[in-house]
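The values are calculated or read from the model by the stated rules, or taken from the named source; none is laboratory data. Not measured: the values here are computed from a predicted model. Cβ coordinates were reconstructed from backbone atoms using ideal geometry, including for glycine residues, and neighbour counts include every protein chain displayed.
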Amino acid sequence: ILTLRGVAVILTALALFFVPQAILPLWPWSLTPLTARALSAWLVSFGALDLHALLENDWQRVKVMSVSFIVSALFAFIALIRYSDEANLLGLGGLLYVVYLLSMLGFGIYGWRKAGLDERKTK
């Protein structure tokens, strides 16, 4: 799952940066080419974190990242609720975005709990 998410998000981020006009019609809310490029920096960092977690292969070492995924996903959901009238969540882009946020939240909770369980085992 991490490999799929990491690669998909990095490819999406690269498309947003280099050819935003191709992605803008699919995006769940309106973006300008400049805001698409700014958003791509945020997205590529999350894709890199997914791939980094694979390399670490240690829940303790990615515990902080897991917590940051939880916080980021929750704030993104709050923003979607707050600005729901400006986002098309029923289109393909909106559904993919919500699935991505749910997977981010799920991975974050799983990683945080797994790191806590591993920590208790070592004590």
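Worth pointing out:
- Considered as a group, the residues in the range 40-66 that are assigned to a helix (DSSP H, G or I) and charged (D, E, K, R) include one that is nearest to Phe77 (Cα to Cα), and that residue is Asp50.
- Count - residues of the range 56-90 that are closer than 22 Å to Val7 by Cα and either in contact with a strand residue (DSSP E or B) (Cβ under 9 Å, 6 or more places away or on another chain) or not aliphatic (A, V, I, L, M) (or both): 10
- Residue in the range 87-94 that is surrounded by 14 or more Cβ atoms within 10 Å (Cβ to Cβ), among the small types (Gly, Ala, Ser), part of a helix (DSSP H, G or I) and modelled with pLDDT of 95 or more present: no
- Failed criterion for Arg37 (all others in (1) assigned to a helix (DSSP H, G or I); (2) closer than 21 Å to Asn88 by Cα; (3) out of contact with any Phe, Trp or Tyr (no Cβ under 8 Å at 6 or more places or on another chain); (4) of a type outside the set (Asp, Glu) hold): (3)
- If only residues of the range 34-55 that are of a type in the set (S, T, N, Q) and under 19 Å from Leu4 (Cα atoms) are counted, the one that is surrounded by the most Cβ atoms within 10 Å (Cβ to Cβ) is Ser40.
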